[in-house]
Amino acid sequence: MNKGSLFDYVWLRIRVSSSISSHISNNTITPDNSMLFSSFDKYIRIYFPSNQSDDEQVKYSDYHYFWLRHNCDCQPACRHEATYERIIDSSEVPLNITPLAVETAIINNERVLKIQWPAIAQLEDTDTVHTSVYEWRWLEKHAYAVNRQEMDHIPPDVASVIVDYSQWLKQYADPQQPSKLTDQGQIEYRRKLGQVLKQHGLVVMKNRGLDTESIIGDLLPEGKEVVSTHFGRIEDLRTDNTTNVNTDQLGYTNAGVDLHTDQPFIEFPPGMQLLQSITPADEGGENYIVDSQRAALYLRKTDPYAFQLLSTIPVSFHRKQAKFESIQNRPIIELNKAGEIVQLRYSYFTYAPHLINFDLMEPYYRAYNTFAELVRDQKNQYRFLLNSGDAVLYDNWKCFHARTPFKGARHVRGVYFNIDDVHEHLFF
Ligand SMILES: [Fe+2]
Ligand SMILES: [Zn+2]
């Protein structure tokens, strides 16, 4: 596995909150067009205009909403009317509080930020909207995240993981057999698949055709075989399956299947899976994949305690079907002795009840939820629809995959591979 450094990427969310943006004018534009603030899911970014030259970096700072609400200085609700001492405690402010509305104004020649908050039930000033006013000068004086960097994140771009076979045929078609690549073309094609797979953990092969064995030939060195599982050698993921065994599981229904790794309940889950679309659904059936190793690296940076819990506390992955049963007790994030991430296992539909020390149960659930929130955030996912003849290959140790529910006779073939075999053949 390629080694990811702790500081390789800061992976953060930069989208304006969809839940609040409808209530908030996202960015207030000053007459000179400079931005004063932007609202995000959990915090607001305040810009401090400077009189310096244009090339000087704009100064800004981020403020958590709960921090702002805690620091409201209104009287008499938040400060004593006579002594001005704070009379609310931070524990009374919900950590997930978000504004109802945000605007800026000029009061007494001072630029201020006005935030309207939902009422907090346990405080006395309930059932009305609570308005806080913060002077820009106060915000600047108390800035605790000046020019916070969180933009190294490269948002998943589906175009960057697509390798279109029809384009390769244009350049490298074999004159004798125009539907195939020349030997040199085949080598270059495999090299390209390997590059994309190495960089992103997945590669979408567009227009590769319906011949499953020929795709297997692209990925495996001579003499190597695919990895068979308790479903069989090749899975026909369709609701009317007749070619596999042990089909009493979600994959063979038309239900949505949210993010997971495959086969976490066996000792050595296959390292790669190919999903080849034979017949797309009439409706739905989109795939989405997230680079969960990258998410884990991000978690290690932003929430080391959560990372520690998820990488040290084992949980049980238990697959129990009518004629198959297997169980593995492993941490979700598996590290090697050097502390590098080796493999992830993640599967909400196969967890046995967690048996964790009482005092760690709640922190564990919290850590899990923090990680889940990252990977389930759509803007961290590659989302695409495979048409007939398209396929995707992904690393089952470092990516989570999922599909949306669907209608119609969707047929997808699934094939597992040994990770080293694929790496060898794709010139890793
Ligand atoms: Fe799966
Ligand atoms: Zn107040």
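Every number in this text was worked out from the coordinates using simple rules, so none of it is lab data. What you see is a predicted model, and the numbers here were worked out from it, not measured in a lab. With ideal geometry, Cβ positions are generated from the backbone for all residues, glycine too; neighbour counts draw on all protein chains shown.
Brief remarks on what is shown
- In this calculation the C-beta distance from Glu340 to Gln308 is compared with R0 = 22 Å, giving a FRET efficiency of 0.90.
- Note on the stretch 155-428: Lys pairs 8 or more places apart or on different chains, Cα atoms under 15 Å apart, count 5.
- Residue-span extension gain [Arg86 to Asn329] - 0.36 nm each, minus C-alpha spacing: 82.6 nm
- Between Thr243 and Asp420, the FRET efficiency from the beta-carbon distance, with R0 = 30 Å, is close to 0.60.
- Evaluated with a Cβ-only charge set (Lys, Arg +1; Asp, Glu -1), the stretch 155-428 carries a dipole of roughly 340 debye about its Cα centre, given to the nearest 20.
- Extending 7 Å from the Cα toward the beta-carbon at both Tyr144 and Ile187 defines two label points whose distance is 5.9 nm.
- Translational D in µm²/s for the stretch 155-428 (Stokes-Einstein at 20 °C, 1.002 mPa s, Kirkwood Rh from C-alpha pairs): 110 µm²/s
- Percentage relative contact order, the chain, counting C-alpha pairs under 8 Å, at least six apart: 19 percent
- Taking every full run of DSSP H in the chain, the ones that stretch at least 20 Å from end to end by Cα along their long axis and average -1.0 or higher on the Kyte-Doolittle scale are 358-376.
- The residues neighbouring Tyr351, those whose beta-carbon lies less than 14 Å from its own, together hold a net charge of +3 under the Lys/Arg +1, Asp/Glu -1 convention.
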